[in-house]
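Encoded as structure tokens, the structure appears first; notes follow it.
The values are calculated or read from the model by the stated rules, or taken from the named source; none is laboratory data. Computed from a prediction, not measured in an experiment: that's the story for all the values here. Heads up, the Cβs are rebuilt from the backbone with ideal geometry, glycines too, and the neighbour counts pull from every protein chain shown. Surface accessibility is based on the protein's heavy atoms, side chains included, excluding ligands, DNA and RNA. Shrake-Rupley method; radii C 1.70, N 1.55, O 1.52, S 1.80 Å.
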Amino acid sequence: MRSTRLWARLLGLGNAVVEDVVFDEDEECVVVSVRPRKATKRRCGRCGKRCPGYDRGEGRRRWRALDLGTIAAFLEADSPRVRCVEHGVIAAQVPWARHGAGHTYAFDDTAAWLVTHCSKSAVRQLLRIAWRTVGSIVTRVVADAETATDRFANLRRIGIDEISYKRGHKYLTVVVDHDSGVLLWAHPGRDQKTLEKFFDRLGDDRCAEITLVSADAAEWIANVVAARCKNAELCLDPFHIVAWATKALDEVRREVWNAARRNGQKAAAKDLKNARYALWRNPEDLTDRQAAKLASIAETNKRLYRAYLLKEQLRQVFALKGDEGIALLDAWLKWARRCQIPSFVKLARSITIHRAGIEAALTHGLSNARVESVNTKLRLLTRIAFGFRSPEALVALAMLDLGGLCPPLPGRGTT
């Protein structure tokens, strides 16, 4: 095998010709001089269309390649500019690196794969790059992958939620495909304008193909879904509805506790203060001590125990699902309206307002559980991504790890 072909294979060069290889003693690195093959010359760096030449640009430049053993390696080549009809004067495309990148395809893809499989320190030390550079690489790789795949094809059921990624009320809106479980889209913000960007990207025809959308009861989500997805039913997440009941139950507990304190019943107030988790937890998960605490409440405080039973029956509504769940919901609403507990009377009004979304969730058995699973992984990624320049880099990392856009390691095929 000729040495130039060997060097091309070592560096993962397909449409490039190796002209020379030298060792730079000052920089202690291998520098490989290359040039594009004739068929790939004078193309726009963005769209790839053949264009007339403009000038020699800034002369020769270098791109970081994967290390050769323990020695850093660089590609060196001319960087002429071309005049593109669409993009104007722009650097010519090179077959070994993405436009605007200072690293080769192999280096970028290796960094993107490693960041989803290794720790931050391992990636930095192995590739000898700063963590902010990793953020830029991830953003490039994901942008490239999204143009090469149609990720919104055959989309029918989606889940929408929000997640905090930084202090100071910084949120991401996330959209997940219920059928594949992958993260479809994420964007900084949590309002109607943010969510509309997703449906703008989806397009009217594909919006019309969506049949089910799961979400919490946020008004901004419901408004956008109603306006953009004419054929979709909105399914309200059961976890959030039961959380409303848990909050109402805790309001009753605090009221009873404050009343006991005002009346000088210190022992009763202490018992109620420590009963929070006994009231919150599901009956099958109670410890012996919590079960005893709940039995004591049933004997000594009928009003609080009635609120607990209301919470548990609402939870049972979503455990049954289907027609049985809807029938039990009707019974629950009748009970809650006449229970004479203000927080649960108010809850009954809220559930009546959102009745259509709750019934859709019971009928189709759809919840935001898959979305919450993605959010749990996203919280870990927010810690990994600390130090990236922008939230867009975090979104790119999320799409890389949770959206199925992670490239295979160079030379190893698909993973």
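The table below gives the values:
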quantity: Listing of helices (runs of 4 or more DSSP H) fully contained in segment 201-298 that carry 3 or more residues being touching a residue at least 24 places away in the same chain (Cβ under 8 Å) and farther than 25 Å from Asn154 by Cβ; calculated: 238-262, 266-273, 276-280
quantity: Flag if Leu380 is part of a loop (DSSP other than H, G, I, E, B), of a type in the set (A, V, I, L, M) and open to solvent by 10 Å² or more (accessible area, probe 1.4 Å); calculated: no
quantity: Filtered residue count, segment 1-50, keeping only those that are free of Cβ contacts under 8 Å to residues at least 40 places away in the same chain, among the aliphatic types (A, V, I, L, M) and closer than 20 Å to Asp108 by Cα; calculated: 1
quantity: Flag for Ala319 being among the aliphatic types (A, V, I, L, M) and in a helix (DSSP H, G or I); calculated: yes
quantity: So Gly413, is it within 28 Å of Asp150 (Cβ to Cβ), buried (at least 16 other Cβ atoms within 10 Å of the Cβ) and at pLDDT below 95; calculated: no
quantity: Qualifying residue in segment 168-178 (condition: acidic (Asp, Glu), part of a loop (DSSP other than H, G, I, E, B) and either free of Cβ contacts under 8 Å to residues at least 40 places away in the same chain or in contact with a His (Cβ under 7 Å, 6 or more places away or on another chain) (or both)); calculated: no
quantity: Positions within segment 155-190 being farther than 27 Å from His364 by Cβ and out of contact with any strand residue (DSSP E or B) (no Cβ under 9 Å at 6 or more places or on another chain), in sequence order; calculated: Lys166, Arg167, Gly168, His169
quantity: Filter pass, Leu397 being assigned to a helix (DSSP H, G or I) and without any contact (Cβ under 8 Å) to a residue 40 or more places away in the chain; calculated: no
quantity: Subset of segment 313-325 (residues that are buried (at least 17 other Cβ atoms within 10 Å of the Cβ) and free of Cβ contacts under 8 Å to residues at least 40 places away in the same chain); calculated: Gly325
quantity: Residue match in segment 187-202 (condition: under 18 Å from the mean Cα position of the chain (by Cα), among the aromatic types (Phe, Trp, Tyr), modelled with pLDDT of 95 or more and surrounded by fewer than 21 Cβ atoms within 10 Å (Cβ to Cβ)); calculated: yes
quantity: Residue that is farthest from Ala16 (Cα to Cα), among those in segment 115-127 that are in a helix (DSSP H, G or I) and among the polar types (S, T, N, Q); calculated: Ser121
quantity: Tabulated pairs, segment 367-386, first in contact (Cβ under 8 Å) with a residue 60 or more places away in the chain and of a type in the set (Val, Ile, Thr), second open to solvent by 40 Å² or more (accessible area, probe 1.4 Å) and part of a helix (DSSP H, G or I), C-beta under 8 angstrom, 6+ apart or interchain; calculated: Ile384/Lys120
quantity: Scope segment 326-353; condition surrounded by fewer than 17 Cβ atoms within 10 Å (Cβ to Cβ) and part of a loop (DSSP other than H, G, I, E, B); matching residues; calculated: Arg338, Gln340
quantity: Filtered residue count, segment 128-160, keeping only those that are open to solvent by 10 Å² or more (accessible area, probe 1.4 Å) and either part of a helix (DSSP H, G or I) or on the phi > 0 side of the Ramachandran plot (or both); calculated: 14
